[in-house]
Amino acid sequence: MPDLSVRLGPLRLEHPVINASGTMELFELVEVLGSSVIDDPPVAAYVPKTVTLERRAGNPAPRILETTGGMINAIGLPGPGLRAFIERELPRLLALSCPVIISIGGFSRREYTALAGGLKEALDRSAGGDWTGRVGLEVNISCPNVCSGCASIGGDPGETAEVVAAVRALWPGLLVAKLTPNVTDITAIGRAAAASGADALAAVNTFKGLVIDRETLKPYLGNVTGGLSGPAIKPLALRTVYELFAAVDVPIIGMGGVATVQDVVDFISCGATAVAVGSATFREPCLARALSEGLGRFLDGRGLALGGLRGTAHTRE
Ligand SMILES: Cc1cc2nc3c(=O)[nH]c(=O)nc-3n(C[C@H](O)[C@H](O)[C@H](O)COP(=O)(O)O)c2cc1C
């Protein structure tokens, strides 16, 4: 098997396939798959769902619907908040054998710095020694549905730069900025994040959409709009990775509709260093492992090294 390891800032990943935030509950999978899923996670790094500073109930129901080639959700970041996350979730995350990338989401720069600062303090206290090779941070500046009609921080290069720089000033480990595709020019946002200290970009979050209830002829989702994910968005997501690769020098975690080995190959060809599986894990929880093994066979068959595949879509020959 070829060497599939990749680096994201100070994190070393065994292979390039991870999960997308909010789509895999590793500890709940134990009930179905047994403890092996924790002893030997199917992902090269585990990304829990986005943590917010305060407890949140999320959006009104209905929150999720299967659509043609994907799904639409307006879950609205429900969760117990940072304090409960640190008490209940962090200890078991630190016991995992793979690196962890904690996703945080806020509604202001102050909330992001409170989240990053609180996590750093907790890690300094409980992780034992230098934890920067085991734990990273993903700044989710992209959720489109936390407040219908509100623009996200990730929709504006200036606000993106402010939030990323403020978190960078106090976070010593891997810092990923997760971008929204719901912008006119994603490269402007990506450049702002990278220039402000992001070690990597995650591209992309869901695409803002809407579905109509056949009976009532009104918007189906309680939040009216939601985020579209799954195979339907793959060409759109690929385009964002392609554009970002040409615009920034930091590694990109590509995601959006990944379900097959070919999808992984496509994202890496466009410039992704790592690839995240989201909606497809609902059907197949251990898909990430199968995809990394398939990637190894693909590279072997082509006589390629992983680094030789990255960005090939950008050259003519
Ligand atoms: C049910 C659901 C919940 C999600 N929750 C989060 C979240 O908490 N934080 C986040 O950054 N992205 C969240 N996402 C977006 C995914 O991480 C990913 O960016 C997006 O779904 C595209 O990948 P996919 O097409 O493979 O699903 C969520 C997506 C889905 C479908």
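Coordinate-derived values only; no laboratory data. Bear in mind the structure is a predicted one, so any value in this text is a computation, not a measurement. FYI the Cβ positions are ideal-geometry reconstructions off the backbone, even for glycines, and counts take in every protein chain you see.
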Of the residues A127, L82, G226, the Cα lying farthest along the dipole of the range 6-314 towards its positive end, which is defined by charges on the beta carbon of Lys, Arg, Asp and Glu, belongs to G226
A correct fewest-to-most ranking of R283, R134 by other Cβ atoms within 10 Å would be R283, R134
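Compare the peptides 200-210, 94-104, 51-61 by average per-residue count of other Cβ atoms within 10 angstrom and give them in order, highest first. Write down the numbers at each step before the final one.
Values: 200-210: 25.0, 94-104: 20.4, 51-61: 16.5.
Highest to lowest by the protection proxy: 200-210, 94-104, 51-61.
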Charge dipole of the range 1-72 built from unit charges on the beta carbon (Lys, Arg +1; Asp, Glu -1), centred at mean Cα; most positive-end Cα among L33, A61, G22 is A61
In debye to the nearest 20, the charge dipole size for the chain, taken about the Cα centre with +1 at each Lys and Arg Cβ and -1 at each Asp and Glu Cβ, equals 360
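Exposure proxy check: L4, L82 ranked by fewest other beta carbons within 10 Å?
Details: L4 18, L82 23.
Taking fewest neighbouring Cβ atoms as first place, the list is L4, L82.
Take every DSSP beta bridge with both residues inside the range 6-314 and express the antiparallel ones as a percent of the total, to the nearest 5.
Numbers: 16 of 39 bridges.
Counting DSSP beta bridges with both partners in the range 6-314, the antiparallel share is about 40 percent.
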A correct Karplus calculation of ³J(HN,Hα) over the range 39-55, with 6.51 cos²θ - 1.76 cosθ + 1.60, θ = phi - 60°, whole Hz and x for Gly and Pro, returns 5, 9, x, x, 9, 6, 8, 9, 10, x, 5, 4, 9, 10, 5, 9, 4
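With a 10 Å Cβ neighbour count serving as the proxy for reagent exposure, in which order, fewest first, do W131, W171 appear? Intermediate results must be reported in sequence, preceding the final value.
On the way: W131 19, W171 25.
Lowest count first: W131, W171.
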Taking a straight Cα-to-Cα line shorter than 26 Å from K178, and setting aside same-chain lysines fewer than 8 residues away, one finds K49, K120, K208, K234
Shape call for the range 181-268, from the Cα gyration tensor axes a ≥ b ≥ c (a/c under 1.5 means rounded, otherwise prolate when a/b beats b/c, else oblate), comes out oblate
Kirkwood Rh over alpha-carbon pairs of the range 58-113 plugged into Stokes-Einstein at 10 °C, 1.306 mPa s gives a D in µm²/s of 113
In the chain, helical segments from DSSP H whose Cα atoms cover 18 Å or more along their own axis and that average at least -1.0 on the Kyte-Doolittle scale are 109-126, 234-247, 287-302
quick shape note, the chain: Cα extents on principal axes in Å, largest first -> 53, 50, 44
Rounded to the nearest Å, the spacing of the alpha-carbon centers of the range 75-138 and the range 44-60 is 11
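Take the Cβ-Cβ distance between I64 and A305 as r, set R0 to 41 Å, and report the resulting FRET efficiency rounded to the nearest 0.05.
Numbers: r = 40 Å, r/R0 = 0.97.
Approximately 0.55, to the nearest 0.05.
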Reduced to Cα centres, the span from the range 289-304 to the range 200-255 in Å works out to 27
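Give the shape of the range 240-296 as rounded, prolate or oblate, defined through the alpha-carbon gyration tensor: a ≥ b ≥ c are the square roots of its eigenvalues, a/c under 1.5 means rounded, and otherwise the shape is prolate if a/b is larger than b/c and oblate if not.
Working: a/c = 2.56, a/b = 1.92, b/c = 1.33.
Because a/c hits 1.5 or more and a/b exceeds b/c, the range 240-296 counts as prolate.
Computed from the mean reciprocal separation of all distinct C-alpha pairs, what Kirkwood hydrodynamic radius does the range 102-204 have, in Å?
Numbers: mean 1/r = 0.0733 Å⁻¹.
Its Kirkwood hydrodynamic radius stands at 13.6 Å.
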So, with points 7 Å from each Cα along the Cβ direction, the T312-E215 label distance in nm works out to 5.1
